[in-house]
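Have a look at the structure below before the remarks.
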Amino acid sequence: MLVEQSLGYLKSRLADKNFFEIYQGEGRIIKVTCTFNEPAPVERIEEFELKTNLSLPPDYKRFLQTHNGVTLFDDVEYGGECYLYDIDYVFENYLDWQEDFPSGWISIGYHYGDEILIDCDKFQNGNKYCLLYRDACEPSGVAHLLNLSFELWLDRLIICQGLNFWNPPRFAVEDNY
């Protein structure tokens, strides 16, 4: 339910125009857009789980069944890097990185230098807070637990207008005055 509400809010912001403005901090206001893919067929999600022997969290499945991938907060002028992948791309990544990642990890998105992952093993062991992020420059087996479910992460990402709330930029106040 939260997935649909969060994405519905973004769609409503785009209803009148194909963009909306957000405040990015440090005095910057930008125009952004979002792109929503068509839903993934349930059979395709089941096929992924069968071929990988992984169980996906229900909130992530709802996302895929609502929009099989999205681009969020894409700067109209310069582009952006906030993607949640479609299930086919998740599967391709899983096959490509299976030897590099710990068992059960899948890459579901990319956000300005951070890979967004789900630890399916953690989920299968009863922990719904199974979302991870890793800096794309870190070794492939290194990631940081967010202690969030997919839907809570997505909701907070939207509240923060696309900024990476899990690793906020640090700047000295005196440098701005």
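The values are calculated or read from the model by the stated rules, or taken from the named source; none is laboratory data. Computed from a predicted structure; not experimentally measured. Cβ coordinates were reconstructed from backbone atoms using ideal geometry, including for glycine residues, and neighbour counts include every protein chain displayed. For the accessible areas, the whole protein counts, side chains as well, though only heavy atoms, and no ligand, DNA or RNA atoms are used. Shrake-Rupley method; radii C 1.70, N 1.55, O 1.52, S 1.80 Å.
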*asked:* Can you compute the helix-only [θ] at 222 nm over the chain? Use -39500 (n - 2.57) per DSSP H run of at least 4 residues, normalise by all residues, nearest 500 deg cm²/dmol.
replied: -9500 deg cm²/dmol
_Peptides 83-96, 13-26, 129-142, 61-74 ordered by average Cβ neighbours within 10 Å, highest first_ = 61-74, 83-96, 129-142, 13-26
*So between residue 76 and residue 35, what do we pick up on full extension, going 0.36 nm a residue minus the alpha carbon distance?*
13.6 nm
*All lysines inside 28 Å of residue 128 as judged from Cα atoms, apart from same-chain residues fewer than 8 positions distant*: 11, 51, 61
*How large is the dipole of the chain about the Cα centre if only Lys and Arg carry +1 and Asp and Glu carry -1, each at its Cβ, rounded to the nearest 20 debye?*
580
_Take residue 5 and residue 49, extend 7 Å from each Cα along the Cα→Cβ direction, and tell me the distance between the two endpoints in nm._
2.4
*Any chance you could check the Cα centroid distance between region 44-79 and region 98-143 for me, in angstrom?*
14
_Rg followed by Dmax, in Å, when the chain is reduced to its Cα trace_ = 16.7, 57
*asked:* Shape verdict for region 59-113, please, from the Cα gyration tensor: rounded (a/c under 1.5), prolate (a/b greater than b/c) or oblate.
replied: oblate
*Taking only C-alpha pairs under 8 Å that are 6+ residues apart, what is the relative contact order of region 82-146 in percent?*
25
*What is the gain in length, in nm to one decimal, between residue 129 and residue 144 on full extension, counting 0.36 nm per residue of separation less the C-alpha to C-alpha distance?*
4.2 nm
*Over region 1-87, one equal point on each Cα, no solvent: what is log10 I(q)/I(0) by the Debye formula at q = 0.17, 0.22 Å⁻¹?*
-0.76, -1.05
*Using alpha carbons only, how many degrees (0 to 90, rounded to 10) separate the axis of helix 2-13 from the longest principal axis of the chain?*
40
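What whole-number value in Å² describes the accessible area per residue of the chain for a 1.4 Å probe?
Using a 1.4 Å probe on heavy atoms only, each residue of the chain averages 54 Å².
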